[in-house]
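The values are calculated or read from the model by the stated rules, or taken from the named source; none is laboratory data. Source: prediction; values computed, not measured. All Cβ positions, glycine included, derive from the backbone under ideal geometry; neighbour counts span all protein chains shown. We work out accessible area using only protein heavy atoms, side chains counted, and drop any ligands, DNA or RNA first. Shrake-Rupley method; radii C 1.70, N 1.55, O 1.52, S 1.80 Å.
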Amino acid sequence: MFSLFSLFKSFGGYSKMNSTNDKEEVQKTTYINHLVDKFYEFMGESYIEYRKVSVTETPVTETPVTEATEATVTPAAPVETAPTAPTTIKYKTFVDYFLYKLYYNYGIKRHMVHENIALLYYSKTLKGYKASAEITILCRHMLLDINNLRIISLGIPKSIKIDAFCDLYNIDKNDEKTNFEKQNDDKSSLKYEIYEFIQGTMITYNPSLKVYNFTELPISNPVDNNDNSDLFGNDLQKSELLEQNIEIQFNKQFMYSTRKIVGTGSYNGSRTFLEMFEENNTNNNVKLNDIPEDLLKDKVLVFNIDHPENQVLFNNSSHLNTLCAVFQFKSEELSKSQYQEIINITNLANLTDEDNEKIRNGFKQLALNMVTQIKLQTFNKSLVDLGINIKLDLPKLISEIKIDLPDISGMPSAIDAPYVSNIKNINTFSINELEKQLLTKSREYQGYIIYGTNGERTKIINPNFKEIMNLKGNKPINIEPKNTKNLFYLYWRLIKEKNIEKFISEFDKPNANTDCNYKKLFYWFYTLVHNFAMYLFKIYHYTFVKKTLIKQNIPYALKPLCGDLHKTYLENKTPITQTIVEQYLFDQPVTKIFWRLFEQNQ
């Protein structure tokens, strides 16, 4: 399998020229432009594949076709190795086919949050997921307008591995001199910048998306189900009420998004990310509504929410929304025009190789300037120039590192020497030295975020933080009834890893409420499993040993379990005991047990 980064280097980096707006002004292409180009290149090839079949069936239009005119499409071989695809699958529109291709080739899920808007995000659990593929990296969070195939919102792309980053920039991890690149004037410039890695959650702010809010009210009209015809008063009052309902339900949904949810969700169920975001803004006197709409037209601001109720691991929140990225998108008018040109090509009766090349060029034009990344300092300056007094917190750039070294002056050996603090320029450290420095940090310090000069993002995580994070997992662990599923899944994993005692020692605080701690919670979970094992053993024993219970009367949830136990007995002729039953249960997948303990009677 070819690496994106080795292939990139062989062509000398991002060689294509791009521009900052819809006019073709020449500037160096950034990493985000490279990713977008690859996304639309794949879209173009998928479009040609789809049309090769559909154009022989019926004249092509961009409106949904009937069952009689469905195209039967055989997915072409993916760019990289993927699971075996079905022989033929029917798709009514190209969009259906393209979204399937993203899912199949790159593990990218779609959620239709509006009839014309697809929310795209990768899922690491899907077979097609490819961590290092450009399209996967881009689709960490994306909103795509399927009417004109225009990107209308975007999150920060996925980070790349540190080794791939060093390979891309020709950095020797053991040599700090390779962190610099010589310029034409014999001066050197650093190939990257290092920022503090803060915990939190991504949220996007995109006021332009209010235009997509609503086409049809998705609730039944109460008048239809009520004999009181004056329930809403006159038609004017009814209209005003419906408009208010639309405003409440949809305006904020599209203006704000987390990675997988439009309208934002919540981490531990107590408050939404939007509520945390707005509270942070209020506390810091940040009024985003003061920014003129014209300045935010076709732009998205990507923030990181650091809030006390959104702590991934440690309660050391700064109560800030940090602006991490600003993206501008191609105008809707130009996107429609360029997409229509592609459609006009495919309305021909028979597509030639020359037509296919025109289609590819059409998607290249659609990709051109589709996304432009605006420097954070530039955006901040534009606010200042307009006299807008808004202090947006930006990522904290790290220029120095404090290290403790032994002061051996006048000492017989370094062992006896006291330690003194020294401040060193971060540019004097090699990548490996930076990684070693993190070993001296407390486990609450998450690590470093590194941005290359073209915009690639990588990270170095503090091993001490990573160890405790792996123990905790990526789900909320707050002890409350609505979080029972996450807590039981945690318990089950810790049992299999033999890490129960370690977890309790780390997360049960000495002065915490003794009536509600992980030790008692986990003992309760064990009691549930133990009692269920006793019940299962009795049913098995009465059915297969004493034979006082006929098999047809075995409770539904226990039938497959009894079958497994009896199969084990027939294979080794060892009598089934309660201990064997309990061990059998603990060997099962957590989903199989959780359903039987908590959900089967709901």
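So that you can scan it fast, the table gives a plain yes or no per residue for (1) free of Cβ contacts under 8 Å to residues at least 60 places away in the same chain; (2) more than 27 Å from residue 476 (Cα to Cα); (3) surrounded by fewer than 16 Cβ atoms within 10 Å (Cβ to Cβ):
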| residue | (1), (2), (3) |
| --- | --- |
| 491 | yes, no, no |
| 523 | yes, no, yes |
| 527 | yes, no, yes |
| 532 | no, no, no |
| 551 | yes, yes, yes |
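Residues in the stretch 278-309 that are without any contact (Cβ under 8 Å) to a residue 12 or more places away in the chain and open to solvent by less than 60 Å² (accessible area, probe 1.4 Å): 308 only.
Consider the stretch 151-167 and keep the residues that are among the small types (Gly, Ala, Ser) and under 30 Å from residue 332 (Cβ atoms). The one that is surrounded by the most Cβ atoms within 10 Å (Cβ to Cβ) is 153. Take the conditions at pLDDT below 85, more than 27 Å from residue 144 (Cβ to Cβ) and surrounded by fewer than 12 Cβ atoms within 10 Å (Cβ to Cβ) and apply them to residue 226. Does it pass? Taking the combined requirement at face value, the residue satisfies it. Among the numbered criteria (1) under 19 Å from residue 595 (Cβ atoms); (2) open to solvent by 70 Å² or more (accessible area, probe 1.4 Å); (3) hydrophobic (A, V, I, L, M, F, W, C), which one does residue 536 miss? Tallying (1) under 19 Å from residue 595 (Cβ atoms); (2) open to solvent by 70 Å² or more (accessible area, probe 1.4 Å); (3) hydrophobic (A, V, I, L, M, F, W, C), residue 536 fails exactly one: (2). Checking 338, 365, 328 one by one, the residue that is closer than 30 Å to residue 95 by Cβ, at pLDDT 95 or above and in contact with a strand residue (DSSP E or B) (Cβ under 7 Å, 6 or more places away or on another chain) is 328 and no other. Residue-level analysis places residue 107 among those that are on the phi > 0 side of the Ramachandran plot and crowded, with 19+ Cβ neighbours inside 10 Å.
Looking only at the stretch 115-134, which residues are open to solvent by 10 Å² or more (accessible area, probe 1.4 Å) and outside any strand (DSSP E or B)? Across the stretch 115-134, the qualifying residues are 115, 116, 123, 124, 125, 126, 127, 129, 130, 131, 132, 134.
Regarding residue 194, is this residue hydrophobic (A, V, I, L, M, F, W, C), at pLDDT 95 or above, in a loop (DSSP other than H, G, I, E, B) and under 24 Å from residue 435 (Cα atoms)? So residue 194 does not fit the description; no. Only residues that are assigned to a helix (DSSP H, G or I), open to solvent by 60 Å² or more (accessible area, probe 1.4 Å) and farther than 24 Å from residue 498 by Cβ: list them for the stretch 561-593, please. Within the stretch 561-593, 567, 569, 570, 571, 572 qualify. Between 184, 148, 170, the distinction of being surrounded by 19 or more Cβ atoms within 10 Å (Cβ to Cβ) and in a loop (DSSP other than H, G, I, E, B) belongs to 148 only.
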